[in-house]
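A short write-up of the structure that comes next.
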Amino acid sequence: MNKAGFTFIGIILALAIVLFLGYIVLNSYLNMPGIDKETKKLISEQGIDTTTYKTVIDTTKETMQGVTRQRMQQLEAID
């Protein structure tokens, strides 16, 4: 008697492929900031990299540290 249907290994293999593709898609989707073109342009003019969330945070910190240093130098020049 010939049984029609899926084998357990076939189902596991198909599930592994679907999960792997889902991981790739979700990983790339979640790592890209959702910024519109106009906002991205304005942020880029300030020297902030908008490639990933991590680069946005890191370059924002660097920019703010630069602004703080510049302000401190201005205050020291007044005294």
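We did not get these values from a lab; they are worked out from the coordinates using the rules stated. Every value quoted in this text rests on a predicted model; they were computed, and no experiment measured them. Here Cβ is always computed from backbone atoms with ideal geometry, including for glycine, and neighbour counts include all displayed protein chains.
Once the chain from T39 to V56 is taken as fully extended at 0.36 nm per residue, the excess over their C-alpha distance is 4.9 nm. Consider the candidate values (i) 91; (ii) 129; (iii) 114; state which one is volume of the Cα convex hull per residue in Å³ computed from the structure displayed. Structure-derived value, by its label: (i).
When the trypsin sites (Lys or Arg not before Pro) in the chain are filtered for DSSP coil states and for at most 14 other beta-carbon atoms within 10 Å of their beta-carbon, the remaining sites are K3. Full extension of the chain between E76 and L19 gives 14.7 nm of extra length, using 0.36 nm per residue less the Cα-Cα distance. Each Lys and Arg Cβ is given +1 and each Asp and Glu Cβ -1; about its Cα centre, the chain then shows a dipole of about 440 debye.
Counting 0.36 nm for each residue step from M64 to M32 and taking away their Cα separation leaves a gain of 9.3 nm. Taking a straight Cα-Cα cut-off under 22 Å and skipping sequence neighbours fewer than 8 places away in the same chain, the lysines within cross-link reach of K40 are K54, K61.
Note on the stretch 1-41: semi-axes of the ellipsoid equivalent to its C-alpha gyration tensor, largest first and rounded to whole Å, are 42, 9, 4. Where only DSSP H runs of four or more residues are counted, the chain gives -25500 deg cm²/dmol as its mean residue ellipticity at 222 nm, each run worth -39500 (n - 2.57).
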